[in-house]
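Just below is one structure, and these are the notes that go with it.
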Amino acid sequence: MSQDKIDIKDVTPKTFNPKTHKGKGDRFNPSNRIYVRESKGTFQMLRRYGSWFLLALFILTPWIPFGERQAILLDIGNQQFNFFGTTLYPQDLTLLALLFMIAAFGLFFITTFLGRVWCGYLCPQTVWTFMYIWFEEKLEGSANKRRKQDSGKLTSQLIMRKGLKHLAWIAIALVTGLTFVGYFVPVKSLFIDFFTFDTSFWVSFWVLFFAGCTYANAGWMRSIVCLHMCPYARFQSAMFDKDTFIVGYDTKRGETRGPRSRKADHKALGLGDCIDCDLCVQVCPTGIDIRDGLQYECINCGACIDACNKTMDRMGYEQGLINYTTEHRLAGNSTKVMRPKLLGYGAVLLVMIGLFFAQVAAVDPAGLSVIRDRTQLFRVNSSGEVENTYTLKIINKTQQTQEYKLNVSGLSDVSWYGRQTVQVKPGEVLNLPMSLGVQPDDIASPVSTIQFILTTNDEFTLEVESRFIKQL
């Protein structure tokens, strides 16, 4: 794999810069908060439509019905995890480990190829933050207006606007908390019970907890979460190389920057294409200046690209002064897309996906476990047989009522005391107590290995090993 790493350079100014919120300024101080200016353009339209799609998917998925329940229900209380026609149980949770590995290598692959594009377009923190900023923009005005209002006197009209904004934020947070908990509790009854104050303490606690986290993260903390709490920003540099696509500023073309008339020949004035309008800083949700070079705070959202492209159009210059590019391309070299590290991540990702679907296909439609009676290992019944007692735990993982037939192998002339044919409802866990009796002369060993056999009408067979004890 390539060892070609990006050189680290310290671009932190020695003094606080109020335009970028970098330096000695306190980012946690509300007076130094970032007022994000609205940006429109190709990448922001892509991000906006993608965000609405993800939000609709998140909110509507718990409401999709499947049979007598919702399609996705992670019922932790009953230890059942329902995904449409598939029901998983704790013994199937190796699938969860594979899913986490797929997510990890998918993130490594995307980051190596396109940098922090996950952060800019798909991360819930970004999606909810931009949604909160949209309400802020509509109810309080533009970024400059909000900055001026917050530095001035608090009027009754401003209090009303801010109150409406916070009501909207709280409503979004509450819907978010209810929807998230709705993946673990039946969502229809959850909404009814919550607003009629009929939910349990813990259900109410988790709804309010996630609502509070949403309100705090997207409304107040915003970039603080990305810069100081999210570990992804810290270890992303281990996956970057000079062929990774990042948001970059073309220094050769842009410098020397400075204001000028649209009619002026900026080349004759010794100026580059950058007019130093600072729009790229004003639209940045993390408050950085992309012209300072690659910085870990950049989330690759493309807001600065759209803002800069509009400025270039107004000035009659070519677009792309700020663009998705690579360190090699900025240095005038060619970019290698298909490189060993990227291909390695891609290969591992495909293997993990293949293993996941193979594991899903191999999930049994039923489960059987055998629990021996620990209080009395064996006894002699009235017929003179040595009798062992068991509890068979039968799980129906399908979405239809199933009939199961039970049998045992490993013993000859065995007497079965209990039901040998049972019906189990979808998702039900049936505990079936039963006993086996065998004449002492038919048992060759003090401890015999036996197999409990479960069969269905569609010829599915499941065998579980256990022991039959004659004597200690």
(message) Rounded to the nearest 10 Å², what accessible area does Cys301 have for a 1.4 Å probe in the complete protein model?
(response) 10 Å²
(request) Run the 1.4 Å probe and let me know the accessible area of Trp134, rounded to the nearest 10 Å². (result) 120 Å²
(message) Please list, ordered by chain and number, the residues whose modelled amide H lies under 5 Å from the amide H of Ala366; skip anything fewer than 5 residues away on the same chain.
(response) Lys397
(request) Give, in nm to one decimal, the length gained when the segment between Arg48 and Lys263 is fully stretched (0.36 nm per residue of separation minus the Cα-Cα distance). (result) 73.9 nm
(message) Please report the spacing between the Cα centers of segment 433-471 and segment 74-140 in Å, no decimals.
(response) 45 Å
(request) Taking amide H positions as placed in the peptide plane 1.01 Å from N, state which residues far from Thr326 in sequence (5 or more) or on other chains have amide H under 5 Å from it. (result) Ile246
(message) From the phi angles alone, apply the Karplus equation (6.51, -1.76, 1.60; θ = phi - 60°) to segment 363-372 and give each ³J(HN,Hα) in whole Hz, x where the residue is Gly or Pro.
(response) 5, 5, x, 8, x, 9, 10, 10, 10, 7
(request) Taking GluC sites (Glu not before Pro) as candidate sites, keep only those in a DSSP loop with at most 16 other Cβ atoms within 10 Å, then name the longest stretch of the chain containing none of them. (result) 69-254
(request) Could you list, in their original order, any pairs among Lys267/Lys310; Lys145/Lys252; Lys153/Lys310; Lys40/Lys162 whose Cα atoms are separated by more than 31 Å? (result) Lys145/Lys252; Lys153/Lys310
(request) Run the accessible area of the chain with a 1.4 Å probe and give the carbon-and-sulfur part as a rounded percent. (result) 61 percent
(message) Leaving ligands and nucleic acids out of the surface, order Asp150, Asp289 by accessible area at 1.4 Å, largest first.
(response) Asp150, Asp289
(message) Just want to confirm a number: the relative contact order over the chain, from Cα pairs under 8 angstrom separated by 6+ residues, in percent.
(response) 16 percent
(request) Would you compute, from DSSP H runs of 4+ residues alone, the mean residue ellipticity of the chain at 222 nm, taking -39500 (n - 2.57) per run and dividing by the full residue count, rounded to the nearest 500? (result) -11500 deg cm²/dmol
(message) Quick check: residue separation of Ile159 and Leu430 times 0.36 nm, minus the Cα distance between them. What number comes out in nm?
(response) 91.6 nm
(message) Counting heavy atoms of the protein chains only and a 1.4 Å probe, report the per residue accessible area for the chain as a whole number of Å².
(response) 54 Å²
(request) Determine how large the accessible area of Asp265 is when every protein chain is in place; take a 1.4 Å probe and give Å² rounded to the nearest 10. (result) 90 Å²
(request) Would you work out the relative contact order for segment 330-438, in percent, from Cα pairs under 8 angstrom that are 6 or more residues apart? (result) 25 percent
(message) Using each residue's phi in segment 199-206, evaluate 6.51 cos²θ - 1.76 cosθ + 1.60 at θ = phi - 60° and report the 3J(HN,Hα) Karplus result to the nearest Hz, with x for Gly and Pro.
(response) 7, 6, 4, 5, 5, 4, 4, 5
(request) Starting from the Cα-Cα distance between Ser415 and Leu107, subtract it from 0.36 nm times their residue separation and give me the gain in nm to one decimal. (result) 105.2 nm
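When the Kirkwood radius is taken over all Cα pairs of the chain, what Stokes-Einstein diffusion coefficient follows at 37 °C and 0.692 mPa s, in µm²/s?
Taking Rh from Cα pairs, D becomes 119 µm²/s.
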(request) May I ask which residue of Gly437, Cys298, Ala173 lies farthest towards the positive end of the charge dipole of the chain, with charges of +1 (Lys, Arg) and -1 (Asp, Glu) on Cβ and the Cα centre as origin? (result) Cys298
(message) In whole Hz and in residue order, list the ³J(HN,Hα) couplings for segment 63-72 that follow from phi through the Karplus curve 6.51 cos²θ - 1.76 cosθ + 1.60, θ = phi - 60°; x for Gly and Pro.
(response) 8, 6, x, 8, x, 9, 9, 7, 4, 10
(message) On a 1.4 Å probe surface of the protein chains, which of Ile450, Ile159 comes out largest in accessible area, and what is the full order?
(response) Ile159, Ile450
(message) Quick check: with the 1.4 Å probe, what order do His266, His228, His166 take by accessible area, largest first?
(response) His228, His166, His266
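The values are calculated or read from the model by the stated rules, or taken from the named source; none is laboratory data. What you are looking at is a predicted structure, and each value in this text was computed from that prediction instead of being measured. For neighbour counting, all protein chains shown are included, and Cβ atoms are generated from backbone atoms with ideal geometry for every residue, glycine included. Ligands, DNA and RNA are stripped out before the accessible areas are found, and what is left, the full protein with its side chains, is counted by its heavy atoms. Shrake-Rupley method; radii C 1.70, N 1.55, O 1.52, S 1.80 Å.
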